[in-house]
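Quick one: the structure is below, questions incoming.
The values are calculated or read from the model by the stated rules, or taken from the named source; none is laboratory data. What you see is a predicted model; the values in this text were computed from it and never measured. Please note: Cβ atoms are built from the backbone with ideal geometry, for glycine as well, and neighbour counts cover all protein chains shown.
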Amino acid sequence: AADILKNGRDAAFITLGDPLLYSTFGYLLPRLRATLPEAGVSIVPGITSFQAAAAAAGEVLAESGENLLILSGVAGETRNGELLEMADRAVILKAYRNFPAIREMLRRKGRGRGTIFATRLGIDGERVVRELEDAPDAPHYLSLCLVGKKNGGSGKNGPDDAI
């Protein structure tokens, strides 16, 4: 890409999701800026996997005074469990890593109920699972969890649903 840009031509980096969230582009961008500081870089935001999962499941990610936490399945259950204590809602990306441990941690923290597992969003084999027990023990690389609310629900049966 640097050679193409040096010759005055345009180049593009295409990725799934958003280029600034857990993307290889995040490693490329600083190197490009260091190598060719004069190169103009335009970044087009993408739809994140957790936004696609929420849309596929018909779930609201967060509303009103709720906070939403983005966790990495790579971080491990101890760190994620501590952070989860502070969040009204959470998303665990890279859930393919240590999924059985993630599922068990969510159960222990009382967050298994209402958690939605989603995989391969927007591509062949897309699957949205509303019960963690029905999620595979060894999920695909493109998998995530929309963690249920602290009160144990998904958000669909909140107080406004009665109106």
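Any chance region 83-94 includes a residue that's assigned to a helix (DSSP H, G or I), assigned by TED's automatic domain parsing to the domain that holds R127 and closer than 28 Å to D137 by Cβ? Walk me through it before giving the result.
Here is the first cut: in region 83-94, the ones assigned to a helix (DSSP H, G or I) are 83-84.
Of the ones still in play, those that are also assigned by TED's automatic domain parsing to the domain that holds R127 are 83-84.
Pick out the ones that are also closer than 28 Å to D137 by Cβ and you get 83-84.
Yes, region 83-94 contains at least one residue that is assigned to a helix (DSSP H, G or I), assigned by TED's automatic domain parsing to the domain that holds R127 and closer than 28 Å to D137 by Cβ.
Could you run through region 61-82 and say how many residues are surrounded by 14 or more Cβ atoms within 10 Å (Cβ to Cβ), within 23 Å of G17 (Cβ to Cβ) and either outside the structural domain of S143 (by TED's automatic domain parsing) or out of contact with any strand residue (DSSP E or B) (no Cβ under 8 Å at 6 or more places or on another chain) (or both)?
3
Return the residue satisfying two criteria in turn: it lies in region 105-133 and is at pLDDT 95 or above and among the acidic types (D, E), and of such residues it is nearest to L21 (Cα to Cα).
So, considering only residues that are at pLDDT 95 or above and among the acidic types (D, E), the one nearest to L21 (Cα to Cα) is E126.
(1) assigned to a helix (DSSP H, G or I); (2) over 14 Å from the mean Cα position of the chain (by Cα): which one isn't true of A56, the others all being true?
Among (1) assigned to a helix (DSSP H, G or I); (2) over 14 Å from the mean Cα position of the chain (by Cα), A56 violates only (2).
Follow-up. I'd like the full set of residues that are surrounded by 11 or more Cβ atoms within 10 Å (Cβ to Cβ), within 23 Å of G73 (Cα to Cα) and not aliphatic (A, V, I, L, M), limited to region 19-42.
Matches in region 19-42: P19, Y22, S23, F25, G26.
Can you pull out every residue in region 103-127 that is surrounded by fewer than 17 Cβ atoms within 10 Å (Cβ to Cβ) and among the aliphatic types (A, V, I, L, M)?
If the condition is that a residue be surrounded by fewer than 17 Cβ atoms within 10 Å (Cβ to Cβ) and among the aliphatic types (A, V, I, L, M), then I123 is the only one that fits.
Scan region 5-18 for residues that are surrounded by 11 or more Cβ atoms within 10 Å (Cβ to Cβ) and out of contact with any Phe, Trp or Tyr (no Cβ under 8 Å at 6 or more places or on another chain) and report the count. Break it down stepwise before answering.
The initial filter retains those residues of region 5-18 that are surrounded by 11 or more Cβ atoms within 10 Å (Cβ to Cβ), namely 5-6, 11, 13, 15-18.
When the remaining residues are screened for being out of contact with any Phe, Trp or Tyr (no Cβ under 8 Å at 6 or more places or on another chain), the result is 5-6, 11, 16-18.
Qualifying residue count for the region: 6.
Ok, one more. I'm checking my understanding of the structure. Among residues of region 95-132 that are touching a residue at least 40 places away in the same chain (Cβ under 8 Å) and outside any loop (DSSP other than H, G, I, E, B), which one is farthest from S64 (Cα to Cα)?
If we take residues in region 95-132 being touching a residue at least 40 places away in the same chain (Cβ under 8 Å) and outside any loop (DSSP other than H, G, I, E, B), then F99 is farthest from S64 (Cα to Cα).
So, in region 63-97, of the ones that are at pLDDT 95 or above and β-branched (V, I, T), which residue ends up farthest from K109 (Cα to Cα)?
It comes out as I70.
Okay, next question. May I ask you to verify whether A34 is assigned to a helix (DSSP H, G or I), without any contact (Cβ under 8 Å) to a residue 24 or more places away in the chain and closer than 16 Å to F117 by Cβ?
On the way: assigned to a helix (DSSP H, G or I): yes; without any contact (Cβ under 8 Å) to a residue 24 or more places away in the chain: yes; closer than 16 Å to F117 by Cβ: no.
No; evaluated as a whole, the condition is false for this residue.
Let me ask something else. Please verify whether region 107-121 includes one or more residues that are of a type in the set (V, I, T) and touching a His at 6+ places or on another chain (Cβ under 8 Å). Break it down into steps so the answer makes sense when it comes.
Taking region 107-121 and keeping what is of a type in the set (V, I, T), we get 115-116, 119.
Within this subset, residues satisfying the condition of being touching a His at 6+ places or on another chain (Cβ under 8 Å) are 119.
Within region 107-121 (the criterion being of a type in the set (V, I, T) and touching a His at 6+ places or on another chain (Cβ under 8 Å)), the answer is yes, since at least one residue qualifies.
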